[in-house]
1. Tell me the net charge near E328. Cut-off is 13 Å between Cβ atoms, E328 excluded, with +1 for each Lys or Arg and -1 for each Asp or Glu.
2. Any idea what % of Cα-Cα pairs in region 85-214 are farther than 26 Å?
3. To the nearest 0.05, how large is the calculated FRET efficiency for K835 and K382 if R₀ is 51 Å and r is the Cβ-Cβ distance?
4. Under 25 °C and 0.890 mPa s, how fast does region 9-158 diffuse according to Stokes-Einstein, given a Kirkwood radius computed over C-alpha pairs? Answer in µm²/s, whole number.
5. Roughly how much of R798 is accessible, in Å² to the nearest 10, using a 1.4 Å probe?
6. Determine how large the accessible area of W598 is when every protein chain is in place; take a 1.4 Å probe and give Å² rounded to the nearest 10.
7. Can you tell me how region 557-632 classifies by the Cα gyration tensor, rounded, prolate or oblate, using a/c under 1.5 as the rounded cut?
8. How do K841, K811, K35, K103 stack up against each other in accessible area, from largest to smallest, with a 1.4 angstrom probe?
Amino acid sequence: MTDLPKAYNPHEVEDRLYKSWEEKGYFSAKPDPKKRPYSIVIPPPNITGILHMGHALNNTIQDILIRFKRMQGFEAEWMPGTDHAGIATQNVVERKLAKEGMKRQDLGREKFVEEVWKWRSEYGSTIIRQLKKLGCSCDWSRTRFTMDEGLSDAVLEVFTRLYEKGLIYRGNYIINWCPRCQTALSDEESQHKDVDGMLYYIKYPIKAAGQGAPDHVVVATTRPETMLGDVAIAVNPKDKRYKALKGKAVILPLLDRELKVVFDPLVDTKFGTGALKVTPAHDPVDFELARKHGLEQINVMNDDATMNSVAGDYDGMDRFEAREAILEDLKELGLFIKSEPHRHAVGHCYRCHTMVEPRLSPQWFVRMKPLAKPAIDAVKKKKIKFYPARWTKVYLDWMVNIRDWCISRQIWWGHRIPVYYCKQCTATPQDQISNAKDQKKGIIVSKTRPEKCPDCGSIDIEQDPDVLDTWFSSWLWPFSTFGWPEDTPELKYFYPTDSLVTAQEIIFFWVARMIMAGIEFAGDIPFKNVYIHGTVRDITGTKMSKSLGNVIDPLDMIERYGTDALRFSIISITAQGQDVFLSEGKFELGRNFANKIWNAARFILMNLKAEETGADLCVFFRSQELSLPERWILSRLYSTLDYVTKCLDAYKFNEAANSIYEFIWHEFCDWYIEIAKVSLTDKSSQIILYKVLEKSLRMLHPFMPFITEEVWQRLPHKGDGAGSIVVERWPHIQKEMISADAERAMRKVIDIVTAIRNIRSVWGIEPQRQIESIVNIHNKEDEKFLTESAVFIKRLARISDIKIGKFPKPKNAAFAVVSGLEVYVPLEGLIDIEKERARLKKEEDAVAGEIKAISGRLKDKNFTSKAPEDVVKKQRLRKEELEIKLKKLKENVEDI
């Protein structure tokens, strides 16, 4: 047989094998009526992205699924691609220009977009190369980009359909505005964070208050700079404190503008003073109040969050600079009362983390309620299932309360909104508020630029300057990638897709929207199952972040430990839907497992006779009288395979991984291979060693693709050659070989050997020294299989003789009860009995003394109340450990 090198070198193996897989087209899929389809669409990473641990976890899970299904005989399609990431990519290119002393405005829109395409050509595929390094078996021949010609056509098609259906409209509403990116954001893109702020109490003079009546009303606000846009003061009609304000007007400090007083039940009487300043252009609640009461809307800020000309003397100041100036001026006028700390949630841009400004702005919106209803029904009727199931409620709660989606962005990189304005028929685009039911003249929604205005015939036409939200292309991803709106063979065959693997933070950004879009445009749900994995955190539980410096780079871990080690390690510690707590040391598990597999395979190959490996295992099993260890290892193989298959179907990846680990490392390597060394040249041992190794490699392949392929290629195979484990079939579960009796019996053998090894360790008996053992049995069945297994027990436990039967307890013997059997090891002649008794008694006294000291400490209220909680907890755990140790010491003393 071909020998394996002494040590496994992943760096020599991984690139070579991956290149071979790509060249042979193993990852490509196409419609095949003879096979069942299985498809996944990748959550498209941003072209600005580089591989991080979240990507590593997400894509390893997808690769496990796709390799598993490919081996099960499905036509497995993993559709890859990248997202154009409008805001993020524009920011990157703008920073690049800034280093050259330029702004995008210096280039103009067309030239700037050209620069972005150049950047994408040079850097946009970095994440793809890194995914290949991770071993991802995507169908790279189909790689898509959200601004590909076909996908762009799908975006335009969807916009026009929604517009014609009355589900897209342009409206002047409060939106989330990022002053840094200078664009609108959707509600989901404005991530709320609790911040420490201040609540400022300000006097608003009452006009013509009258003698003896209050001359002012006090308003509490967190943003004094917006008061310059106030149009009213609102109070609750049930609030008796403000009954005197009925019919009165209030004067806006600093600008002396007259403000109305409105009474509305929406005003919270418990917040601040119960009197609310109404600033419709800068607050969503105030905006609704203004619409309800017919109040005007005054915007006091520019796009970059500096104050505009309406702000009077504060014109040109940054919003926070203006805040300080306003407070100082109010103090001089005697209108500032006090400030107090106030912790509250504030929106931040999900891209640049700048504090978002609520702002009145004309934007394009999608009416979401009509689209949400069928998407809610699909999940309620379990056409789509979430794993873990708890995310179903999160999804439904959000969908039931869904708000219209702001889809326009004031940037240059992205899909341009397909709306055109005739300058002869309409005013500027910013002044238009229209929808399909109330369409104004000269507004044309078209996938292509119209030659002339259909209303007046003018050719003086301009396109809306805004682009669509990046997610507007991403929500079409499951079907646009397969050629929609064309009715392609791929779309018919692979859609709906089967599984979506994603993170919790984009359930609303992406998952929910894809479900709505799939049902609305492709006529069916986009996927059947949604697996939501947890967040990767450091060992302290803190989310990994570059700014915190706690990031572990997956490429560094691949360089250090190998790809398989990274993949297996992160999956084995990731329970379904739970967050992952990661440290570099965790990857040693995967590396050590790879080395264990390599060494076991190397030993087997060195001793394998090729002519003995071609036997049919089922025929062999039925025709031979196999020993207990042989029946046991075959049963454990197929029991494990059955469990792993069920786990993968249920998205329990860590349970599958840990089950494989337990079987290969502990059962196959630690026990069966050691047992087989007694009869290594026997045909029976040869066949079973080969078959178990070969099937174990196939079972492990989705998790550790490189080492399994490298070993599998070295095994003798029937036919023209080894081919590839990538396209081998998933092992068939042979139910007839699963034997609960064999597993139960072998468990007793293992427990006996383990007990004898433990006795050696406790009593300090040298490993090479031969000893005797006695096993007390209680039924004939135990006697039969133990007698048959005596040769294995003697070899593995290093004992010269074993007596099996019914015997009285020997004098001065170590004792253990395992699986209902009593195991004795006579100690006479092996140890100095009196010396050991004295040593144990001394140790027993020392342990008892430490327990007493800790018990006293834990009873001391000064200690338990003042010491840190973790210190007290460690003391309690230490006491428990010592009590277990003391019990064991007493048992050992009794034994002798």
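1. Values: positive: R323, K331; negative: E225, D313, E321, E324, D329, E332.
So the surrounding residues net to -4.
2. 56
3. Numbers: r = 70 Å, r/R0 = 1.37.
In this case the efficiency is close to 0.15.
4. On the way: Rh = 17.4 Å.
After rounding, the answer is 141 µm²/s.
5. Using a 1.4 Å probe on the heavy atoms, I get roughly 120 Å².
6. Rounded to the nearest 10, the figure is 10 Å².
7. On the way: a/c = 3.64, a/b = 2.07, b/c = 1.76.
Prolate shape, in that a/c is at least 1.5 and a/b is the bigger ratio.
8. Numbers: K841 95, K811 165, K35 75, K103 140 Å².
My answer, sorted largest first, is K811, K103, K841, K35.
The values are calculated or read from the model by the stated rules, or taken from the named source; none is laboratory data. None of the values given here were measured: they were computed from a predicted structure. Cβ: placed from backbone, ideal geometry, glycine included. Neighbour counts: every protein chain shown. Only protein heavy atoms, including side chains, enter the accessible area calculation; ligands, DNA and RNA are left aside. Shrake-Rupley method; radii C 1.70, N 1.55, O 1.52, S 1.80 Å.
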